[in-house]
Every structure is written in structure tokens, then in C-alpha cells.
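Below is one structure, written out as C-alpha cells; comments come after it.
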Amino acid sequence: GPGTGKTQILALRIANILQTTDTQPSSVLALTFTEAAAREMRERLVNLIGTAGYFVRINTFHGFCQSVITENPDLFPGFEDQSLLTDLDRVRLLEKLITENEIEIMRPLNSPFYYLNAIQSSIRDLKREGVSAKDFQKITKNLSDEFDSQKGSLSKTVFATKEREVKKFVELSLIYQKYQDELHKENRLDFEDLINIVTNRLRDDE
């Protein structure tokens, strides 16, 4: 959590490696979540070991992935020209998709964007788990088929609850696919796509 000393421990760990081994500063990679944390880590490292701290690669996860793509355009054809989706762009895109598509459960009449944060978080989580829009469509279809096979034996209360749950999955699946279609059409990536592209390449290419 915040204030528990993560940045300090990482800076001390890097300083210890560089001072007690023959590791070169440029051979060390440190990854963190925010630009502010990366700057803070750099400052602490320079205070600990001097100018060698400037040669350590300290990045955010998405910043590192972006640099990998930029430095290796031959391994990522086409991706170097794609622009990153900002958080504000993502919200606006999801609002547009919720408004323009046939959404019922996840677009309440009195508060159409009530589920926007939940949708945004769900898409992020699915991508972080490596579940593509196509994969999620299959999961949703299996859930829907399972419900169809069981609904004759369910009580009214259980039926209503499960029906609503399945509809939520179907609507989320629709939004997720439309979201990816829009990104593709606009030649854009979100942070999760950026990380997944590089992660997959690192996994598959020695």
C-alpha cells in the first residue's frame, strides 16, 4: 500500500546490486506503476550511488513497453504508428458505446452511465488476464448455453437472478468487442493492449 516503503526498498536493492556485483547500471531494469514513482526512484538511486543511477533503466510498465516497440520496429510492424488511448479518451469511448448500442441491464434509464466504471474495470481485468474479446464471447456463450439448459428446473427467484447475470455478461461482451473494434478502426492502443503486445512477444520470441 501507499507509504510502506516500496520505492525505497527497490532503490536500495538496485544500489546494493550495483555496489556489490559487477553488474552494469544499464543492465538493470526497474518497473513501477506511475511516472511519479519512477522519478522518485531515480532521485533516490542517484542520491545513493551518484551519477551511475542515471544509467539504470527505470520505467513505468507502459513506458517500458512503448520503448521496446519503438526500439524494435522490425519486431512490431505497424504498432509503432499506433497512438495510446488516454484515460479520458477511454471514458468518452465507453460512454459512446453504451449510448449507441442495445444495452438494457447495464444502461439504467435514470442513470445511463451507472455501470461505466464497472465496465471499464472489467475490460481492464480481462485484458490483464489475457482474455481477449473473442475469448470472452466464448465464455459468455457457454454461460448462456448452461443457463438455457438449466432454466426449466430453476425457481422463479433463481431464474430471475441468473437471467440478469447472463444478460450482464452478454452486454459486457458486446461492449468489449465494440471497444476493440473502435480502437482498431482508429489505429489506437490502450495501456493493457500495449503491455500484452510486448509480453506476448517476449514470451514467444527468444
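Points worth noting:
- Search result, residues across segment 48-60 that are buried (at least 16 other Cβ atoms within 10 Å of the Cβ) and assigned to a helix (DSSP H, G or I): LEU48, ILE49, ALA52, GLY53
- Matching residues in segment 170-190 - criterion: being acidic (Asp, Glu) and surrounded by 14 or more Cβ atoms within 10 Å (Cβ to Cβ): GLU171, GLU182, ASP190
- Number of the condition not met by ARG128 [criteria: (1) loosely packed, with under 14 Cβ neighbours inside 10 Å; (2) in contact with a Phe, Trp or Tyr (Cβ under 8 Å, 6 or more places away or on another chain); (3) charged (D, E, K, R)]: (2)
- Listed by first and then second residue, the pairs with beta-carbon distance under 7 Å, at least 6 apart or on different chains, first residue in segment 174-187 and in contact (Cβ under 8 Å) with a residue 24 or more places away in the chain and farther than 10 Å from LEU97 by Cα, second in a helix (DSSP H, G or I) and not small (Gly, Ala, Ser), are GLN177/GLN137; ASN187/ASP81.
- Enumeration of residues in segment 131-164 that are surrounded by 14 or more Cβ atoms within 10 Å (Cβ to Cβ), at pLDDT 90 or above and over 24 Å from PHE191 (Cα atoms): THR140, LEU143, SER144
- Restricting attention to segment 105-125, the residues that are surrounded by 12 or more Cβ atoms within 10 Å (Cβ to Cβ) and either of a type in the set (D, E, K, R) or in contact with a strand residue (DSSP E or B) (Cβ under 7 Å, 6 or more places away or on another chain) (or both) add up to 2.
- Pairs meeting the criteria (first residue in segment 64-86 and surrounded by fewer than 13 Cβ atoms within 10 Å (Cβ to Cβ), second residue among the basic types (Lys, Arg), beta carbons under 8 Å, at least 6 apart or on different chains) are LEU75/ARG201; SER83/ARG188.
- For ASP193, the requirement of being of a type in the set (Asp, Glu), open to solvent by 60 Å² or more (accessible area, probe 1.4 Å), at pLDDT 90 or above and part of a helix (DSSP H, G or I) is not met.
- Members of segment 196-206 found to be open to solvent by 30 Å² or more (accessible area, probe 1.4 Å) and closer than 14 Å to ILE69 by Cβ, listed by number: ASN196, ILE197, THR199, ASN200, ARG201, LEU202, ASP205
- Unique residue being touching a helix residue (DSSP H, G or I) at 6+ places or on another chain (Cβ under 8 Å), outside any helix (DSSP H, G or I) and either on the phi < 0 side of the Ramachandran plot or surrounded by fewer than 17 Cβ atoms within 10 Å (Cβ to Cβ) (or both) when the list is LEU45, LEU10, LEU18, LEU31: LEU31
- LYS167 vs. criteria in a helix (DSSP H, G or I), open to solvent by 70 Å² or more (accessible area, probe 1.4 Å) and under 18 Å from ILE103 (Cβ atoms): yes
The values are calculated or read from the model by the stated rules, or taken from the named source; none is laboratory data. Not measured: the values here are computed from a predicted model. Glycine also receives a Cβ, built like all others from the backbone with ideal geometry; neighbour counts cover every protein chain displayed. We work out accessible area using only protein heavy atoms, side chains counted, and drop any ligands, DNA or RNA first. Shrake-Rupley method; radii C 1.70, N 1.55, O 1.52, S 1.80 Å.
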